[in-house]
Amino acid sequence: MPHLRYITSGESHGRAMAVIIEGVPSGLEISPSDIDSELMRRQGGYGRGGRMRIESDTVQILSGIRLGRTIGSPITLLVENRDWANWEEVMAVEPQKGQPHPVTRPRPGHADLAGAMKYNTHDIRDVLERSSARETVSRVAAGAVAKRFLSEFDIRVVSYVTEIGGVGSRISNLVSQGSEKRIMGLFKKAERSRVRCPDKEAERAMIRRIDQARTDGDTLGGVFEVVVLGVPAGLGSYAQWDRRLNARLAHAVMGIQAIKGVEIGLGFEMAGRCGSEVMDEIYYRQRTGRFYRKTNNAGGIEGGMSNGMPIVVRAAMKPIPTLRNPLSSVDIVTKRSFRAVYERSDICAVPSASVIGEAVVALVIADAFLEKFGGDSMEEVRRNYKGYIRQISRF
Ligand SMILES: Cc1cc2nc3c(=O)[nH]c(=O)nc-3n(C[C@H](O)[C@H](O)[C@H](O)COP(=O)(O)O)c2cc1C
């Protein structure tokens with residue numbers, strides 16, 4: 001059983017999105033602004049659709065936090081859907097007199113057709129409301145709590161976009177080889193970029209690519225990287241498949257809507273190289289009494305465990321499935337072909353996905369951290385952590 005669990009709920013045009021987080025120790029200081037700032041980061045990015053202008057997400061904390069600190073009980077977070085006012089009848093809990101029009105036209109690339117078959121409904125709204133990436137609001141809110149927890153141990157989770165619609169930057173190589181200071185420098189630049197790309201030249205080319213896609217009535221995907229700094233060696237384990245940290249990270253990141261591939265460190269590129277090129281050789285510095293590496297091709301994970309280097313997770317996002325240029329599909333009631341009608345939608349959401357990536361990665365790292373140093377209060381966790389750091393520093 002995970003040490004930090006969470007479950008999300010809510011429909012895209014329903015009253016609110018929610019999440020319950022279980023396992024956060026008592027005594028962690030947290031305020032709504034810690035969560036709101038992450039929700040705001042999720043909403044940013046060049047290429048988003050109209051909905052982002054309607055929604056300005058703010059959290060309500062319903063349980064688990066008292067007088068500015070966690071108390072060890074489940075934390076319930078709720079984010080209202082401001083658009084709900086326009087959907088009260090369509091999304092009503094009680095049956096309505098004039099039932100709203102069912103949605104019978106499945107969109108290619110969405111959960112619509114398989115979801116309608118699986119849940120035995122001829123109103124696809126029952127499916128699309130929950131399969132929507134609006135759900136990630138809940139995960140970003142939970143991730144903000146995990147980040148707040150990790151920051152108490154100087155662990156930071158950051159991200160950047162490295163590719164949009166085939167337009168790439170060289171950032172990726174810099175990240176896997178770079179020092180923590182350099183990575184934080186890149187992250188600060190990414191925070192100021194409209195596409196979350198620290199490489200100015202690549203940023204301009206990415207924006208041009210998005211503008212082109214908009215003109216063409218098309219959409220784009222891309223690649224982002226999440227980096228975790230300050231993780232001690234020894235989180236996760238080689239001893240059992242489901243305890244491997246890389247497997248847990250891949251599960252969480254693949255769980256984000258539209259993510260089609262996850263790599264750790266050099267990832268797929270490693271497959272084509274010689275062993276002599278990719279293993280991160282081990283050195284020892286007498287002066288500090290520390291082991292160290294000059295490279296980080298492993299992305300901070302060896303044998304399913306963190307090895308003390310920055311953890312580097314890369315994810316590939318597919319293009320947004322709703323296009324202005326309509327795609328062919330078949331009505332599930334009439335069985336007639338149609339060309340989908342365009343609805344307001346994102347052209348590219350890779351920058352936002354990278355923020356969501358940070359959240360789910362933070363939740364996995366916090367879970368693995370609590371598995372290793374777990375306690376019911378922050379004081380107890382701190383004591384366990386310090387004892388272990390002392391142990392490995394004398395190793
Ligand atoms: C941050 C984010 C925003 C998204 N915005 C849209 C959107 O505006 N329109 C759309 O059709 N799909 C959007 N998607 C993608 C769909 O949610 C996703 O492709 C769909 O639910 C099918 O799931 P799958 O791609 O994992 O198979 C978005 C995904 C993310 C992560």
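If you check M317 against the conditions, is it within 21 Å of G234 (Cα to Cα) and touching a strand residue (DSSP E or B) at 6+ places or on another chain (Cβ under 9 Å)? So that I can check it myself, show each step before the final result.
Numbers: within 21 Å of G234 (Cα to Cα): no; touching a strand residue (DSSP E or B) at 6+ places or on another chain (Cβ under 9 Å): yes.
Here the answer is no, as M317 does not meet what is asked.
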(request) Output the residues belonging to the range 253-281 that are away from the ligand (no atom under 16 Å from the Cβ) and touching a residue at least 40 places away in the same chain (Cβ under 8 Å). (result) E263, I264, G265, L266, G267
(message) Every residue in the range 120-164 that is over 15 Å from V360 (Cβ atoms), within 16 Å of the ligand (Cβ to nearest atom) and part of a helix (DSSP H, G or I), please.
(response) R125, D126, V127, L128, E129, R130, S131, R134
(message) Just checking, does the range 274-285 include any residue being more than 30 Å from D346 (Cβ to Cβ), under 21 Å from the mean Cα position of the chain (by Cα) and β-branched (V, I, T)?
(response) no
(request) Check every one of the strands (runs of 3 or more DSSP E) wholly within the range 308-371 and list those with 2 or more residues that are within 16 Å of the ligand (Cβ to nearest atom) and buried (at least 24 other Cβ atoms within 10 Å of the Cβ). (result) 311-317
(request) Considering every residue within the range 322-342, establish whether at least one is under 20 Å from F224 (Cβ atoms) and either in contact (Cβ under 8 Å) with a residue 60 or more places away in the chain or out of contact with any Asp or Glu (no Cβ under 6 Å at 6 or more places or on another chain) (or both). (result) no
(message) I need every pair where a residue in the range 78-100 that is over 29 Å from A144 (Cα atoms) has its Cβ under 8 Å from the Cβ of a residue that is aliphatic (A, V, I, L, M) and surrounded by 10 or more Cβ atoms within 10 Å (Cβ to Cβ), sequence separation at least 6 or different chains.
(response) P100/V90
(request) Any residue in the range 108-133 that's in contact (Cβ under 8 Å) with a residue 60 or more places away in the chain: show its pairings with residues that are polar (S, T, N, Q) and more than 14 Å from the ligand (Cβ to nearest atom) at Cβ separation under 9 Å, as long as the two are six or more apart or on different chains. (result) P108/S328; A116/T104; H122/T104; I124/T104; R130/S9
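A quick yes/no check of all residues on (1) among the hydrophobic types (A, V, I, L, M, F, W, C); (2) touching a strand residue (DSSP E or B) at 6+ places or on another chain (Cβ under 9 Å); (3) under 20 Å from D36 (Cα atoms):
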{"residue": "P74", "(1), (2), (3)": "no, yes, yes"}
{"residue": "R82", "(1), (2), (3)": "no, no, yes"}
{"residue": "W87", "(1), (2), (3)": "yes, no, no"}
{"residue": "A92", "(1), (2), (3)": "yes, no, no"}
{"residue": "Q99", "(1), (2), (3)": "no, no, no"}
{"residue": "P102", "(1), (2), (3)": "no, no, no"}
{"residue": "R105", "(1), (2), (3)": "no, yes, no"}
{"residue": "G109", "(1), (2), (3)": "no, no, no"}
(request) Test each condition in (1) over 16 Å from the mean Cα position of the chain (by Cα); (2) at pLDDT 95 or above; (3) within 16 Å of the ligand (Cβ to nearest atom) for G217 and report the one that comes out false. (result) (2)
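The values are calculated or read from the model by the stated rules, or taken from the named source; none is laboratory data. Keep in mind the model is a prediction, meaning the values are calculated, not measured. Neighbour counts are summed over all protein chains in view; Cβ atoms, including those assigned to glycine, are modelled from backbone coordinates with ideal geometry.
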